[in-house]
Structures are given as C-alpha cells and as structure tokens.
Amino acid sequence: MDTSPEQDAGQVVFVDRVLWSQLDSAKSPQDFCRAWLALQCSMIADVQCAVIVLREPGTNTFEPVAFWPERNALQQSIATLADRALDEAKPQIAESDEGLAVAYPIDQAGDVLGVVSIGLAASADARSVLRQLQWGSMWLSTHFRQADSADAEGMADRLITVLDLIATALSHERFADASRALVTEMAVLLECDRVSVGFIKSGNAKVVAVSHSSHIGG
C-alpha cells in the first residue's frame with residue numbers, strides 16, 4: 001500500500017535527542033546497532049521486543065548484537081522469523097499467539113550482513129513497520145560501509161549529513177513544513193541550486209516541496 005503525503009501529514013515523529021546523540025557518537029558496530037534499534041523502536045508503534053542479528057566478520061555465523069528492551073527475553077516468533085529472513089534473504093511477516101512479527105534483512109550490495117526482527121502487538125500495521133525498517137536499514141548499511149572503507153573520515157561526514165537532514169525534517173510537526181525544511185537544508189549542504197521532493201501515486205508525480213520556497217509554484 002502506497003503512503004500519500006496527505007496520509008503522512010501531521011505524522012512526523014519526534015524522537016529522543018539522546019538516541020540521535022548515541023547513534024552519532026557510537027564507537028563500535030554493537031553500540032551503533034543498540035542506538036539504531038532503540039531509535040527505530042521509538043518511531044514504531046506497538047513494539048514489544050526487537051533484536052538485531054549480525055554476521056561475525058570472516059564467518060557464516062550470525063549472533064545477536066542488540067536487543068530492545070535491553071536484555072529482554074526474545075519472543076520465539078521473532079527469533080524464528082529472523083532465521084527465515086536470513087535463509088531467504090527477503091523481508092518476512094508472520095502471525096502467532098504472541099502477536100505479529102516482522103523481519104528485514106540488512107543488505108549491503110547484495111550481501112546479507114544480518115537481520116532486524118521485531119515483535120509487535122496484534123493490532124500493529126506490519127507493512128508500515130517494514131517500510132520504516134527499509135528506510136532505517138540504510139543507516140546500518142552506511143555505517144558498515146564506513147567501517148569497511150579506507151576513506152572512513154569521508155564516510156563519517158556523509159553519515160552525519162544524512163543524520164542532520166533527518167533531524168531537520170523531524171524538527172517540524174507538519175508534513176509540508178518538514179518537506180520544505182528538508183529540501184532547503186539539502187540544497188545548502190550539497191550546494192545545489194534547487195532541490196525538490198515529490199511522490200508518485202497512480203503513475204503521476206506530484207511535487208510537494210521546493211527548496212528556498214514557502215510554497216509550491218504553479
């Protein structure tokens with residue numbers, strides 16, 4: 001199901017700035033994953049528990065590296081679904097007596113590095129959660145590329161830029177204001193003459209924000 005701008009209006013989520021700080025200052029993959037998972041769970045409604053499983057470097061062994069809440073006992077359903085997502089290398093949704101569970105593989109250039117699996121209340125919108133994890137997993141992939149890159153400093157700068165842009169959008173309550181602030185900040189940081197954002201619905205594209213503009217021109 002596509003999400004239109006009208007549906008997203010007024011749904012920008014405010015998150016704990018401490019979590020952003022922890023994400024930005026993480027010194028190890030484990031620290032980054034713990035901060036990232038806590039941040040995702042703060043954005044997603046009806047979360048009961050969650051886990052990130054990563055492949056140990058140089059092996060085919062996968063181990064849990066982050067839990068939410070900390071040290072919470074995992075639901076069997078999310079552990080099982082995490083294994084299935086790793087085996088099939090694609091997102092999974094399952095229902096059980098415990099509620100809903102979703103799992104999303106962490107992918108880097110076609111290589112599955114791990115998986116994030118979340119247990120939810122039965123009333124949760126699992127597909128919406130998968131969309132959130134799809135966007136959020138980009139931060140993990142970027143972080144792991146940074147760790148593997150010889151140009152770690154440049155990768156860190158780009159990661160900080162991404163986090164700054166996300167923080168700019170989240171600082172506005174209304175969707176239209178968040179969109180305008182985001183594209184304007186992108187134009188400044190990336191030294192662009194103009195940045196626009198739009199959405200495709202039913203095969204038609206609609207521009208919803210243009211940088212350095214208080215409204216959309218005709």
Residue by residue, what Karplus-based ³J(HN,Hα) values in Hz, rounded to whole numbers, does the stretch 100-115 have, using 6.51, -1.76 and 1.60 with θ = phi - 60° and x for Gly and Pro?
9, 9, 10, 9, 10, x, 9, 10, 9, 6, x, 9, 7, 8, x, 7
Could you please put ILE200, ILE160, ILE166, ILE44 in sequence from largest to smallest accessible area, using a 1.4 Å probe?
ILE200, ILE160, ILE166, ILE44
For ASP177 and LYS201, compute 0.36 nm times the residue count separating them, minus their Cα-Cα distance, and round to one decimal in nm.
6.6 nm
So if R0 is 41 Å, what FRET efficiency would ASP164 and GLU95 give, r being the distance between their Cβ atoms, rounded to the nearest 0.05?
0.60
Taking r as the C-beta separation of ALA26 and SER213 and R0 as 41 Å, the FRET efficiency to the nearest 0.05 is 0.70
Please give the contour-minus-distance gain from ASP46 to ARG127: 0.36 nm per residue of separation, less the Cα-Cα distance, rounded to one decimal in nm.
27.8 nm
How large is the accessible surface of THR168 in square angstrom, using a 1.4 angstrom probe and rounding to the nearest 10?
30 Å²
In angstroms, what radius of gyration and Dmax does the stretch 52-117 have, counting Cα atoms only?
11.8, 37
Run through the stretch 158-188 and list the trypsin sites (Lys or Arg not before Pro) located in a DSSP loop whose Cβ has at most 16 other Cβ atoms within 10 Å.
ARG174
Please arrange MET138, MET186 by accessible surface area, largest first, computed with a 1.4 Å probe and ligands excluded.
MET138, MET186
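The values are calculated or read from the model by the stated rules, or taken from the named source; none is laboratory data. These figures come from a predicted structure and were not determined experimentally. As a convention, Cβ positions derive from the backbone with ideal geometry for all residues, glycine included, and neighbour counts pool all protein chains shown. Ligands, DNA and RNA are excluded from the accessible area calculation, which covers all protein heavy atoms including side chains. Shrake-Rupley method; radii C 1.70, N 1.55, O 1.52, S 1.80 Å.
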